[in-house]
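Below is one structure; the comments refer to it alone.
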Amino acid sequence: MDLAFTPEERAFRDEVRAWIAAHLDPALAAKVHAGLRLSKDDIQGWARTLGRQGWLAYRWPRAFGGPGWTVVQQHLFDEALAEAGAPPILPFGPVMVAPVIMAFGTPEQQQRFLPGIASGEVWWCQGYSEPGAGSDLASLRTRAERVGDHYVVNGQKTWTTLAQHADWIFCLVRTSHEGKPQTGISFLLIDMKSPGVTVRPIRLLDGEYEVNEVWFDDVRVPVDNLIGEENKGWTYAKYLLSHERANIADVNRAKRELKRLKRLAQAEGVWDDARVRDQIALLEVDIVALEMLVLRVLAAEKSGKPALEIAALLKIRGSEIQQRLTELMMLVAGPMALPYREAALHTLTPPDSDDALAPLAPSYFNMRKTTIYGGSNEVQRNIVAQTLLG
Amino acid sequence: MDLAFTPEERAFRDEVRAWIAAHLDPALAAKVHAGLRLSKDDIQGWARTLGRQGWLAYRWPRAFGGPGWTVVQQHLFDEALAEAGAPPILPFGPVMVAPVIMAFGTPEQQQRFLPGIASGEVWWCQGYSEPGAGSDLASLRTRAERVGDHYVVNGQKTWTTLAQHADWIFCLVRTSHEGKPQTGISFLLIDMKSPGVTVRPIRLLDGEYEVNEVWFDDVRVPVDNLIGEENKGWTYAKYLLSHERANIADVNRAKRELKRLKRLAQAEGVWDDARVRDQIALLEVDIVALEMLVLRVLAAEKSGKPALEIAALLKIRGSEIQQRLTELMMLVAGPMALPYREAALHTLTPPDSDDALAPLAPSYFNMRKTTIYGGSNEVQRNIVAQTLLG
Amino acid sequence: MDFDFTDEQVQLRDAVQRWADKGYDVERRRAIIDAGGFDEGAWRELVELGLTGLTVPEVHGGAGLGAVEAMVVMEALGHGLVLEPLAHSFIASAVLQRHADAALQQAWLPRLASGARLVLAHVERRSRHRLDVCDTAATAVGDGWRVRGRKVVVPAGDRADAWLVPARVDGTLAMLLVEAGAPGVSASGYPTQDGSRAADVVFDDAPARLVTRDGEAALAWAVDVGIALVAAQAVGVMDRAFGLTRDYLQTRRQFGVPIGSFQALRHRLADMKMALELARSMSYYATLKLGEPEAVRRAALARAKVQLGQSMRFVGQQAVQLHGGIGVTDECLISHCFKTLTQLELTFGDTLHHLGEVAARMTDEAGVAV
Amino acid sequence: MDFDFTDEQVQLRDAVQRWADKGYDVERRRAIIDAGGFDEGAWRELVELGLTGLTVPEVHGGAGLGAVEAMVVMEALGHGLVLEPLAHSFIASAVLQRHADAALQQAWLPRLASGARLVLAHVERRSRHRLDVCDTAATAVGDGWRVRGRKVVVPAGDRADAWLVPARVDGTLAMLLVEAGAPGVSASGYPTQDGSRAADVVFDDAPARLVTRDGEAALAWAVDVGIALVAAQAVGVMDRAFGLTRDYLQTRRQFGVPIGSFQALRHRLADMKMALELARSMSYYATLKLGEPEAVRRAALARAKVQLGQSMRFVGQQAVQLHGGIGVTDECLISHCFKTLTQLELTFGDTLHHLGEVAARMTDEAGVAV
């Protein structure tokens, strides 16, 4: 039992830190550290930089073009990215659809889709949720009818994150109404440029357009784009869920944001206010405990043991902490958090300017989503209870 | 809209305060203020004193020998009792069984039972709960079979508070197995001296014997002791529940205990500890808000309006606050709360002695019951939700 | 002891609620937000309803009503999610009546009644929630005064006719009145998080009238009145959010049943009801304690804001959570309730700030009466 | 980075757990409580298991094992609700090894290994959780020392062979060792809330040996080791309480179904699991941080106690609540778990105290590594 990383792991961390420092535009990192909104170019530019190095798909095995890192190396890389202020790696391509393609796609599909994901050239989005089918995913109604060598897709998806920028979408679609709702679902890849695909961005409470409605109106999709077998899509989706990693807790981002909270408290003159400081201290304890929980899950994976009973807790706790972080940052700013300054949400301003506080309240608002999406925390507690009680 | 009491109400308060000051033994009040355990004599002696004045049954209408006070007068009297450190009035006689006897008993039963309750001479206890039927009261199994002019009672009750001192018990018993579980229940008064009644005190986690198991083994109960109609007992029990008053929140006791908490914090040298003091301040806010909630319910009753939607909240909040009060008192004492000194739980010791801290942890332990008994707080939330959502 | 509203108070509430329901519906509100968060037309309607002069004495052209009526109005405006800061008219009326000399009252109370906007401008860049942090300074010049400094997040500050401005005079706090259009005054407005409007106002040796040299008492009074008004407004918003959430639980279906059949969500709604009713209780308490001597009043208003702050945060967050994905969209009204509650929590001192006030003012006693 | 136990550690845990399950069952435990909370026979069995010398170096007759092994043992003892304070043997071993001279180590480490009870006696009537409040004083007399003062709530204090006693020497803190039976020593024992035993110990110019003049560092070290041990013990108790509660939810029926079918109770159990696993994580953290430099170590141990305190309170209270009426009876083991967790929360500094420590030691950095 040991908290320390091995000398090899520490050397690895030094290496990736140095590489990130050399390749990450300081102005872009400054935007991240300031909590600003990132443009499509910010995100995709960085993804391409990582892609050129072969590190965008950093969780992939060598066989599919990944670096073949251990789970600990993956964690250290994620930590290095977060602490450096790198833009987030969007999970839809490399983390979500890619493992399904690797596990269930044909060699042709793998050759066709994986390189574009690994290079950061192709932007993917996820078509699971539908209006009326939130946590109850199995009730989805978007249907795909086989007509010759195509599926004809009709229906609507929603909460599709950043679909307005996406080249491709992976969808759960209904191909049968027989049996239980889960059994008639298929896993289909759809080119967003297909005729009949319409995207409508949804304005969120913080004023941002982060999710979308996506309509399919007689969209023709080649059967080659079906992953695995027809009507087995639910199995593949579940496979994906069971492969979600410790990084669902986003603890490395939480550590970075805690440092930001502390900087803010100092800048706003409340670092020595006992009440505010106690709240920060409590959150520091929460974050250390979360990190320990994450490290335990990683260590179990490293030893090849399942740690699912604990892993199920990570999303609940991680999301609560992300919310509390943004809440406290807003509270630290006090009334100065109240002006809504649209321009200052996108553009760097001097750190001591009023505008530098502009992102705080919108971030707090935005983070309410974290206990709702990806299976609400109520659903997560159902899952934990199910493993405990049956 | 006015927070102030009327001049008449204030005069009334002065009067009852003066009377209490003249009649309450200061040594007994000191035991209450110190959080000590009270003996049977402590409780019953004070009940008899109130009974002689006609004030033990202070919520009763004049027609049954009560003082006929308004709900506000009742509240002011309750407040005066609490602040003076009077022993609690046990509710089983005057508050629980008496209203049922008044509403559903025969004139003979009223004449037979009410005077002994009002005088404090007869000690009553409540026989509702059974092993296996906690929150699910309707599943009770103690049965009463009609044999001539008697019922023969067999079965077991539990959690019977202070039954070891009781002269009489009012019971819910099963007289029929037909229809829904609720429909076969009757409301029966049983003399605890009847042959076949056995009482076994249950030791609680704080070392005290406060509740009991009560066995009925072929106990013969005259049919004259049946209240109302056979198989209608559930209706009477529900009537009783719907007549529980604002004092279920026990806010006057909470105010007294908050003062005690503040005295303790001063004595233990943490009144100026910012962290402890903030916790006390938060509790002070909680208690003021609870009192306002109670006053709103009282004012509604005074105006003859139902306020049940709010009244349902009182038990939840009141019990949470009682628990937090004892928790904070224990925390204020710190490690000095850890010695278990049996004698010091019953006997006054100098206020600056180590022994004076002895009751704190046992009180904290004991108060865990408040969110469990009388319908657990989970059941209370079910009830609130039922009124909100159907 | 009595928490009934009089028939007149009920009529007043109904009138405001009717106006909000019909005259200030969601579409109009959205248009006002898009146009910058303050609408002259809506303000005129508030004036026509007699609300700006509600608490102005009748001799000065107002209705001469009191704190309870102001509370009733604010709760209805909160329920209607009205953006225009009527609370500041009530605050200005209270400050002038208690602290201004007869001439200033004569000059301004009738104008208030007829709709002039006199707004408290007390927050500074570094003050956070503290009332004793004030860099703005005033100096006597001839028989008048000059004010120099910068106030921030002043509600509808660039639409005001004048501001009540706390400023230092020889080290102690005074309260002054500066008129819009005076030389040296500039206001830059912006929308706020809840969709309403505010401004930073700079006073560059701007001419001013003295309201009172005892600015500390006047500011404390203004803020306490403000806390009571914000409490009432917040109760209205929470009541709206609670109702929307209850409806949603009853109509939204998942897994083949209304989500209001899930016990965990039912208990959450019960907890929201608890938070709402505790807040409503403390809103009454806040208003009814405004007449107490300063020390008692300040402790009471701080207590109220602590309860309100906790309730607002819980009700706002849970209302969004129980709505699920739709709750975080701009389209769904619940997100506006949530943002309004967030803004109100940060207005006139947040929860932690007032917890400190309660702790500092705590005595040996306990209960509503002290 | 690795949180696996070695085979030897697993064997150690299993051995202790087996002993607790079979040799220290509920009936024996109840008898020990009734007899005053400390059992010489049980202590001898701990000695025979080699536990008192677990962390004593092999040259002094111990097993020479470390903090992880002590943690493993404490968690098993916690799970078994064992009353005898073995933690103090580990504390004494740690203090002597780090702070005592060779002669004192030679004199006492072998005795520790063979079962002598050397107990830290640091709490005073007015100290609460603070380590810097100490009225007990020591003076040099000839080539020895004399101690005068009173220590309270000393675990099994009247059954100790000697005490480690912090005392003031010329204004700074020293650590001394006083033997039972020395002139001027008197101990009065009593049961504690969790059923174990403690004592107030009075030193009336009692002869003592100096452990170290740097009592501040020695006491901080003793308490940090103590926190890690208490954390492990608490995890054991919580694990027991959690298991009992899960079983109860699965077997207890109300309204015709197991109460474990009610969503509100299911979610509560999930929250208990969360509290337990966060606590377990921080117990590992506490133990693994003991080797860090003092400043890092102290901050880490304070963090651990804050998490442990919160988890203990939540798990203890909810375990009782979910058991309903039976949960508040002495007969039901869950009430003993609850009381033990309460006592552990108040041992070596409570949650608020350590929150203050965390706040005071907070740096710009974040995470496990700092």
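The values are calculated or read from the model by the stated rules, or taken from the named source; none is laboratory data. Since we're looking at a predicted model, the values are computed, not measured. Methodologically, a virtual Cβ is constructed for each residue, glycine included, from the backbone with ideal geometry; neighbour enumeration extends over all protein chains shown. For accessibility, only protein heavy atoms count, side chains too; no ligands or nucleic acids. Shrake-Rupley method; radii C 1.70, N 1.55, O 1.52, S 1.80 Å.
Structure above, values below:
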read-out	value
Of residues in segment D:284-307 being open to solvent by 10 Å² or more (accessible area, probe 1.4 Å) and basic (Lys, Arg), the one nearest to the other protein chains (Cβ to nearest Cβ)	D:Arg303
Hits in segment C:163-185 - residues which are within 13 Å of C:Ala121 (Cα to Cα) and open to solvent by 60 Å² or more (accessible area, probe 1.4 Å)	C:Glu179
Single residue of segment C:185-221 satisfying the filter (in contact with a His (Cβ under 9 Å, 6 or more places away or on another chain) and within 13 Å of another protein chain (Cβ to nearest Cβ)) that is farthest from C:Cys337 (Cα to Cα)	C:Gly195
Enumeration of residues in segment A:261-294 that are among the hydrophobic types (A, V, I, L, M, F, W, C), touching a residue at least 60 places away in the same chain (Cβ under 8 Å) and at the interface with another protein chain (Cβ under 8 Å from one of its Cβ atoms)	A:Val270
Flag if D:Asp194 is buried (at least 20 other Cβ atoms within 10 Å of the Cβ) and not in a strand (DSSP E or B)	yes
Subset of segment B:136-153 that is within 13 Å of B:Asn231 (Cα to Cα) and of a type in the set (Gly, Ala, Ser) - its residue that is surrounded by the most Cβ atoms within 10 Å (Cβ to Cβ)	B:Ala144
Checklist (1) open to solvent by 10 Å² or more (accessible area, probe 1.4 Å); (2) assigned by the TED database to the domain that holds D:Val152; (3) not aliphatic (A, V, I, L, M) applied to D:Glu58, failing item	(2)
Candidate set: segment D:242-259, residues that are of a type outside the set (Phe, Trp, Tyr) and more than 14 Å from D:Ile334 (Cβ to Cβ); chosen: the one nearest to the chain's Cα centre (by Cα)	D:Gln250
Residue in segment B:113-124 that is farthest from B:Gln182 (Cα to Cα), counting only those that are open to solvent by less than 20 Å² (accessible area, probe 1.4 Å) and without any contact (Cβ under 8 Å) to a residue 60 or more places away in the chain	B:Gly116
Options B:Met96, B:Met102; residue that is modelled with pLDDT under 95, part of a helix (DSSP H, G or I) and surrounded by fewer than 23 Cβ atoms within 10 Å (Cβ to Cβ)	B:Met96
Pair list, Cβ under 6 Å, 6 or more apart: segment A:211-234 residue farther than 17 Å from A:Thr106 by Cβ, other residue buried (at least 17 other Cβ atoms within 10 Å of the Cβ) and basic (Lys, Arg)	A:Val214/A:Lys157
Verdict on B:Lys238 being part of a helix (DSSP H, G or I) and basic (Lys, Arg)	yes
Given (1) open to solvent by less than 30 Å² (accessible area, probe 1.4 Å); (2) under 30 Å from C:Ala359 (Cβ atoms); (3) free of Cβ contacts under 8 Å to residues at least 60 places away in the same chain, index of the condition C:Gln310 fails	(1)
Total residues in segment D:131-147, condition open to solvent by less than 80 Å² (accessible area, probe 1.4 Å), under 28 Å from the mean Cα position of the chain (by Cα) and farther than 11 Å from D:Pro207 by Cβ	5
Which listed residue, of D:Thr347, D:Thr363, D:Thr340, is more than 8 Å from chain B (Cβ to nearest Cβ), assigned to a loop (DSSP other than H, G, I, E, B) and either open to solvent by 10 Å² or more (accessible area, probe 1.4 Å) or modelled with pLDDT of 95 or more (or both)	D:Thr363
Residue tally, condition more than 7 Å from chain B (Cβ to nearest Cβ) and open to solvent by 10 Å² or more (accessible area, probe 1.4 Å), over segment C:265-274	3
The one condition in (1) at pLDDT 95 or above; (2) crowded, with 19+ Cβ neighbours inside 10 Å; (3) closer than 20 Å to B:Trp168 by Cα that B:Ala80 fails to fulfil	(3)
Where A:His177 falls short, out of the listed (1) open to solvent by 30 Å² or more (accessible area, probe 1.4 Å); (2) more than 17 Å from A:Met96 (Cβ to Cβ); (3) at pLDDT 95 or above	(3)
Residue check, C:Ser281 among the polar types (S, T, N, Q) and more than 8 Å from every other protein chain (Cβ to nearest Cβ)	no
Top-ranked residue of segment B:359-387 - restricted to ones that are within 8 Å of another protein chain (Cβ to nearest Cβ) and not in a helix (DSSP H, G or I), ranked as surrounded by the most Cβ atoms within 10 Å (Cβ to Cβ)	B:Ile372
Flag if C:Arg30 is charged (D, E, K, R), over 30 Å from B:Ala4 (Cα atoms) and either assigned to a helix (DSSP H, G or I) or open to solvent by less than 10 Å² (accessible area, probe 1.4 Å) (or both)	yes
Odd one out for D:Gly316 among (1) in contact with a Cys (Cβ under 9 Å, 6 or more places away or on another chain); (2) without any contact (Cβ under 8 Å) to a residue 40 or more places away in the chain; (3) of a type in the set (Gly, Ala, Ser)	(2)
Sole exception among (1) surrounded by fewer than 22 Cβ atoms within 10 Å (Cβ to Cβ); (2) without any contact (Cβ under 8 Å) to a residue 60 or more places away in the chain for C:Ser114, by number	(2)
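The rows are residues; the columns are (1) farther than 21 Å from D:Thr287 by Cβ; (2) open to solvent by less than 50 Å² (accessible area, probe 1.4 Å).
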| residue | (1), (2) |
| --- | --- |
| D:Ala208 | yes, yes |
| D:Ala217 | no, yes |
| D:Val223 | no, yes |
| D:Ile227 | no, yes |
| D:Asp247 | yes, no |
| D:Arg252 | yes, no |
| D:Gly256 | yes, no |
| D:Ser261 | yes, no |
